[in-house]
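The values are calculated or read from the model by the stated rules, or taken from the named source; none is laboratory data. None of the values given here were measured: they were computed from a predicted structure. With ideal geometry, Cβ positions are generated from the backbone for all residues, glycine too; neighbour counts draw on all protein chains shown.
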Amino acid sequence: MEETDFLQNRILDELNLLINHLDKYEEKNWSDYFRKVQRLIDNGDVRGVDSLNTIRGGMGSFNDLVISKMNGHKVEKNGENFANLELMKISKLVFKSVDELKRLIK
């Protein structure tokens, strides 16, 4: 298995973790977005990887997401910190793998 294939599979697995986490707190918009990205990557479409780079910064970006009861998520106030720490941890895994893959395919 090539390193690019290994990284693509790792990204798909990490996206599964991210999607499951978002679903747990009923963050439908981003969950649906990552499902679309996952399908693109699974089909070998580089637009999936490219789209993960475009959502990192700017207003309304994924980095702006905060899981909280006040934002309409299914989370108790005392669980918000954990939910957001896990979100950061999982998203860092995804973006680290995406960066590794981008370096390989350039």
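When region 57-98 is examined, which residues are found to be of a type outside the set (A, V, I, L, M, F, W, C) and under 23 Å from residue 6 (Cα atoms)?
89, 91, 92, 96, 97
For region 38-62, enumerate the residues that are within 14 Å of the chain's Cα centre (by Cα), surrounded by fewer than 16 Cβ atoms within 10 Å (Cβ to Cβ) and touching a residue at least 24 places away in the same chain (Cβ under 8 Å). Write out each step before concluding.
Initially, region 38-62 is screened for residues within 14 Å of the chain's Cα centre (by Cα), giving 38-41, 48-57, 61-62.
Checking the rest, the ones that are also surrounded by fewer than 16 Cβ atoms within 10 Å (Cβ to Cβ) come to 39, 50, 53-54, 56-57, 61.
Those that are within 14 Å of the chain's Cα centre (by Cα), surrounded by fewer than 16 Cβ atoms within 10 Å (Cβ to Cβ) and touching a residue at least 24 places away in the same chain (Cβ under 8 Å): 53, 56.
One line per residue, one yes/no per condition, for (1) farther than 17 Å from residue 48 by Cβ; (2) surrounded by fewer than 16 Cβ atoms within 10 Å (Cβ to Cβ); (3) at pLDDT below 95:
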{"position": "70", "(1), (2), (3)": "yes, yes, no"}
{"position": "73", "(1), (2), (3)": "yes, no, no"}
{"position": "76", "(1), (2), (3)": "yes, yes, no"}
{"position": "89", "(1), (2), (3)": "yes, yes, no"}
{"position": "101", "(1), (2), (3)": "no, no, yes"}
{"position": "105", "(1), (2), (3)": "no, yes, yes"}
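Going through region 8-33 one residue at a time, which ones are farther than 12 Å from residue 87 by Cα and part of a loop (DSSP other than H, G, I, E, B)?
26
One line per residue, one yes/no per condition, for (1) assigned to a helix (DSSP H, G or I); (2) at pLDDT below 95; (3) within 16 Å of residue 87 (Cβ to Cβ):
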| position | (1), (2), (3) |
| --- | --- |
| 35 | yes, no, no |
| 40 | yes, no, no |
| 50 | yes, yes, no |
| 59 | no, yes, no |
| 63 | yes, yes, yes |
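Restrict the check to region 76-88 and report whether at least one residue is out of contact with any helix residue (DSSP H, G or I) (no Cβ under 6 Å at 6 or more places or on another chain) and not in a helix (DSSP H, G or I).
yes
Checking the structure you have, find out if any residue of region 46-61 is closer than 17 Å to residue 92 by Cα, in contact with a helix residue (DSSP H, G or I) (Cβ under 9 Å, 6 or more places away or on another chain) and among the charged types (D, E, K, R).
Within region 46-61, one or more residues are closer than 17 Å to residue 92 by Cα, in contact with a helix residue (DSSP H, G or I) (Cβ under 9 Å, 6 or more places away or on another chain) and among the charged types (D, E, K, R).
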